[in-house]
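Here's the structure, in structure tokens; my notes come after.
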Amino acid sequence: SSIFAAVELAPRDPILGLNEAFNADTRSTKVNLGVGVYFDDNGKIPLLGAVKTAEKARLEAAPPRGYQPIEGPAAYNNAVQNLLFGADSAIIRDGRVVTAQALGGTGALRIGADLIKRVVPDATVYISDPSWENHRALFEAAGFPVDTYPYYNPETRGANAEAMIAKLNSLPAGSVIVLHACCHNPTGADLTEAQWAEVVKACAARGLIPFLDMAYQGFADGIEPDAVAVNLFSASGLSFFVSSSFSKSFSLYGERVGALSIVTQSKDESTRVLSQLKRVIRTNYSNPPIHGGAVVAAVLSTPALRAEWEAELAGMRDRIRAMRTGLVEQLAARKVDQDFSFVIKQRGMFSYTGLTAAQVERMKDEFGIYAVGTGRICLAALNSKNLDYVADAIAAVIK
Ligand code: PMP
């Protein structure tokens, strides 16, 4: 008999399943608010001008395609560190941080998880409740038990920092705490700087292992302000992990460009930690692909391209903000009896709207508008053409 005879069908990825249903929908007015991707006002995934220019230069230079270093090239890793920690950061100067190019933010989380498994094999990993679905799956796949800390307050539609910090203060030393550095996915609810300071304090007091996931740098307030949590951890003297991604900020989703940075206690520790991280990478995919990282490094380190990218990033950020404001205004204009102003306070691509699973289902059935069953919508999928229609649909289903 077949070796696969007893293999069970794995459950479908809920968001990819949503995409399939959306693609099969023949209504011309359909809108997909499910996926976590930035679309421009024409509903297209943009190819940034700075990226286009850097790619053209690379194509013309026609560089050879030898293997990269296991941890990726220094030019890329240095550019990542400068972006995350600031070019004048003491932890960079003191050699307390090592960075490896990774296969997107997901790949960074995974090599980080695999490294932690070697260093603290008995740790439990804590993720926010709720969190990006892949956090749980990924750390479980790396062999960890995964539990949650409270995060979201449905009454305020904001973060419940008090409950979160109380939980952190009750955890055993050596627990891994996965934190959304900005633009929390799925809720859009972020901590204030003062609340982050409390989180850092709890991590220090309890001996926790912070793992910051920075998938949306530049999508809330800007490159530097969005690094507030990273900066507070940097200043704390703690060791911690940061996974970062250029999928959104460079609109390079399919190129899989990200990085894992590990902050240690000393240059000597950094050397030893990097040597172990390289073993993790070597036995997994050997070394990262060239193209996406080379484009990002070129843009970040060429002043004219850097300025162009920052302006394009600001354009994406501003457009999402305009859609948040627009949706709130359009719902108010339809005299809905709920206050949606929380949508403006939430940050990044997503909003937890408070729409129930039944209301989400009605939006799909009656309007061809697809959202996640939890009521999460992607604001970056709204545009000047579909905003009114989406507001009509929300107003209709919450009546
Ligand atoms: N972390 C979070 C919180 C995310 O939302 C995402 C992307 N959806 C990722 C990590 C992974 O990013 P990437 O596509 O670069 O793997």
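The figures follow:
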read-out: Residues being within 12 Å of the ligand (Cβ to nearest atom), of a type in the set (Gly, Ala, Ser) and in contact (Cβ under 8 Å) with a residue 60 or more places away in the chain - total across the stretch 106-147; value: 3
read-out: All positions within the stretch 102-137 that are assigned to a loop (DSSP other than H, G, I, E, B) and either at pLDDT below 95 or among the hydrophobic types (A, V, I, L, M, F, W, C) (or both); value: VAL120, ALA123, TRP132
read-out: Selection within the stretch 347-399 - charged (D, E, K, R), touching a residue at least 24 places away in the same chain (Cβ under 8 Å) and closer than 16 Å to PRO14 by Cβ; value: LYS364, ARG376
read-out: Residue tally, condition assigned to a helix (DSSP H, G or I) and more than 25 Å from VAL343 (Cβ to Cβ), over the stretch 208-239; value: 7
read-out: Hits in the stretch 201-239 - residues which are away from the ligand (no atom under 16 Å from the Cβ) and among the aromatic types (Phe, Trp, Tyr); value: PHE233
read-out: Those residues of the stretch 347-374 which are on the phi > 0 side of the Ramachandran plot and crowded, with 18+ Cβ neighbours inside 10 Å, in sequence order; value: GLY348, GLY368
read-out: Matching residues, the stretch 332-382, being acidic (Asp, Glu) and out of contact with any helix residue (DSSP H, G or I) (no Cβ under 8 Å at 6 or more places or on another chain); value: ASP337, ASP339, GLU361, ASP365
read-out: Residues that are over 22 Å from VAL257 (Cβ atoms) and among the basic types (Lys, Arg), drawn from the stretch 283-318; value: none
read-out: VAL37 being among the β-branched types (Val, Ile, Thr), within 27 Å of MET316 (Cα to Cα), part of a loop (DSSP other than H, G, I, E, B) and in contact (Cβ under 8 Å) with a residue 12 or more places away in the chain; value: yes
read-out: Pair list, Cβ under 6 Å, 6 or more apart: the stretch 300-326 residue closer than 23 Å to SER341 by Cβ, other residue surrounded by 19 or more Cβ atoms within 10 Å (Cβ to Cβ); value: MET316/TYR38; ARG317/PHE219; ILE320/LEU379; ILE320/ALA380; MET323/LEU379; MET323/LEU382; ARG324/VAL343; ARG324/LEU379
read-out: Residues that are surrounded by 20 or more Cβ atoms within 10 Å (Cβ to Cβ) and away from the ligand (no atom under 16 Å from the Cβ), drawn from the stretch 148-157; value: ARG157
read-out: GLY315 vs. criteria within 21 Å of VAL51 (Cα to Cα) and away from the ligand (no atom under 14 Å from the Cβ); value: yes
read-out: Search result, residues across the stretch 158-200 that are small (Gly, Ala, Ser), outside any loop (DSSP other than H, G, I, E, B) and either buried (at least 23 other Cβ atoms within 10 Å of the Cβ) or within 16 Å of the ligand (Cβ to nearest atom) (or both); value: ALA159
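So that you can scan it fast, the table gives a plain yes or no per residue for (1) at pLDDT 95 or above; (2) in a loop (DSSP other than H, G, I, E, B); (3) within 12 Å of the ligand (Cβ to nearest atom):
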{"position": "PHE250", "(1), (2), (3)": "yes, yes, yes"}
{"position": "LEU260", "(1), (2), (3)": "yes, no, yes"}
{"position": "THR271", "(1), (2), (3)": "yes, no, no"}
{"position": "LEU274", "(1), (2), (3)": "yes, no, no"}
{"position": "ARG279", "(1), (2), (3)": "yes, no, no"}
{"position": "SER286", "(1), (2), (3)": "yes, yes, no"}
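Rundown of residues vs (1) polar (S, T, N, Q); (2) crowded, with 21+ Cβ neighbours inside 10 Å, yes/no style:
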{"site": "ASP213", "(1), (2)": "no, yes"}
{"site": "GLN217", "(1), (2)": "yes, yes"}
{"site": "LYS267", "(1), (2)": "no, no"}
{"site": "PRO289", "(1), (2)": "no, no"}
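The values are calculated or read from the model by the stated rules, or taken from the named source; none is laboratory data. What you see is a predicted model; the values in this text were computed from it and never measured. Neighbour counts run over all protein chains shown; Cβ positions are idealised from the backbone, glycine included.
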